[in-house]
1. Go through LEU399, LEU34 and list them by solvent-accessible area, largest first, probe radius 1.4 Å.
2. Per residue of the range 200-217, in order, report the coupling 6.51 cos²θ - 1.76 cosθ + 1.60 (Karplus, θ = phi - 60°) as ³J(HN,Hα) in whole Hz, putting x for Gly and Pro.
3. Show the residues, 5+ positions off or on another chain, whose built amide H is closer than 5 Å to the amide H of THR90.
4. Multiply the residue gap between ALA110 and CYS304 by 0.36 nm, knock off their C-alpha separation, and tell me the result in nm, one decimal place.
5. Using the Karplus equation 6.51 cos²θ - 1.76 cosθ + 1.60 (θ = phi - 60°), what ³J(HN,Hα) coupling, rounded to whole Hz, does each residue of the range 28-43 give in order, writing x for Gly and Pro?
6. Given labels modelled 7 Å from the Cα in the Cβ direction, how far is it in nm from ASP361 to LEU341?
7. Going by accessible area, probe 1.4 Å, with all protein chains left in place, what is the ranking of SER346, SER201, largest first?
8. Just to verify a number: what accessible area does LEU193 come out at with the full protein assembly present, 1.4 Å probe, Å² rounded to tens?
Amino acid sequence: MASTLTEYLQSQEELAREAALAIPHQFSQCTYSLGPLRQAVYLCLTCPEARGLCSACSVACHTDHEQIELFPKRGFRCDCPTVAIGYPCTLSPNNEPENALNAYGQNFKAIFCRCGRPYDAKNEREAMIQCLACEDWFHESCCNLRERPSTRENTPAPPMEAPTLPIANQSADSEEPDDAASDASSSGLPPPLISGDDYESFVCGACVSSNATLKRWAGTYGAMMVVRDDLAGPWRCLNGLSTEAEGSALEADLNSSSRSGAKRPLSPSAFHEPDAKRAKASSNAPLLPSSRPCLAPPQDPLACTVLANLNISDPNTSLGAGDIFFTLGFRDRWCHCDSCLPSLTSNPYLLQDEETYEHPDDPDSGLSLEELGIRALERIPRERAIDGIHAFNEMRDDLVKYLRPFAQDGKVVGESDVHDFFASLIEAKKKGRK
């Protein structure tokens, strides 16, 4: 399709703006020297080794390779400059030893979720959620948030609708993507049972079952679960009662007992135990750590049943997947007694939000092609810069001569005409060398 020079330049400027928005950071340094950290990790499908790359190496070293973004992984060190990957790293001259502390789950085999399906960014329409604990990704339908599609074929996108990221993930108190909740429902599918706006973080059933504190809170207020009461029943949200609601229910129960004349029975020891044998509290006695009361809510019976039967292979015969959807501010609601705290401190991400490493901002991001050219000239030696300017002026003069007949005849310059011009320059250069 023919286009004017002005339209072409405008399209190039638009491409430069889009590139600055898509890649605003500087990818000139591998993160290996920084040690293990939480960072975006990429899997190279072209290289035979199932290892992870940092953002810089995915751009600079494996540019032409097919890759899958695995999104943030905690405690990960780039494998590109190590002996584990045969393809040479262009950002690190040293051949480093293999990273023994990196964890390589099923994502490094390009499969995701409890269903074990590969992820295809071009065809996948269903939203996926990242587990806060294991950092694997799960389909909304595999979490019983919606009816499982009859087939796994992609659903056609709705017309006249802005494209959405198929892997959707957003924090409840931020507009930027984070490793928490699904931000949008899957394209062309009904809305999920629990919207991404209703929860801050997600923990899969396998991770819940391995943590005593998470099992205790499952299904209580602010720790929502998707369950059903029986195999024939519909899926519903199990969210317990808030602290205020529990207090109101207790107060109503006490008031009802008071009106009916019922009295709380005394302990049998109150009738039979002599006063001399009753332990007296001392105001000077130190408060032992073990005496700190547990403020965790009572375990939900249905949640306990679901977690006790997670080994059922057929999801159609289970009452739930055991996943927890934590609402906003869940880290502030934990009980810090001696029973609950150890399983929290051993998993720091449950107590405080984690920082994800980002590469430094690119100083050239957002500059026009002309500005980038001028900056490039400033960085090379003066003699080479002068030679480059002379060569540019000669090419400009030749281009003006070549295009003048088109302007005189009112002809549109096509793509083949541009190719012919540069082909003539290459041919003239070859003759000049001879």
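The values are calculated or read from the model by the stated rules, or taken from the named source; none is laboratory data. Bear in mind the structure is a predicted one, so any value in this text is a computation, not a measurement. Every residue, glycine among them, receives a Cβ derived from its backbone with ideal geometry; neighbour counts consider all protein chains shown. Areas reflect the complete protein model, heavy atoms only, side chains present, ligands, DNA and RNA absent. Shrake-Rupley method; radii C 1.70, N 1.55, O 1.52, S 1.80 Å.
1. Order by accessible area, largest first: LEU34, LEU399.
2. Coupling constants for the range 200-217: 9, 9, 10, 10, 6, x, 5, 6, 5, 5, 9, 10, 4, 5, 5, 4, 5, 8 Hz.
3. none
4. 66.6 nm
5. 10, 9, 5, 8, 4, 5, 7, x, x, 7, 7, 8, 5, 10, 10, 10
6. Spacing of the two 7 Å Cα→Cβ label points: 4.1 nm.
7. SER346, SER201
8. Rounded to the nearest 10, that gives 80 Å².
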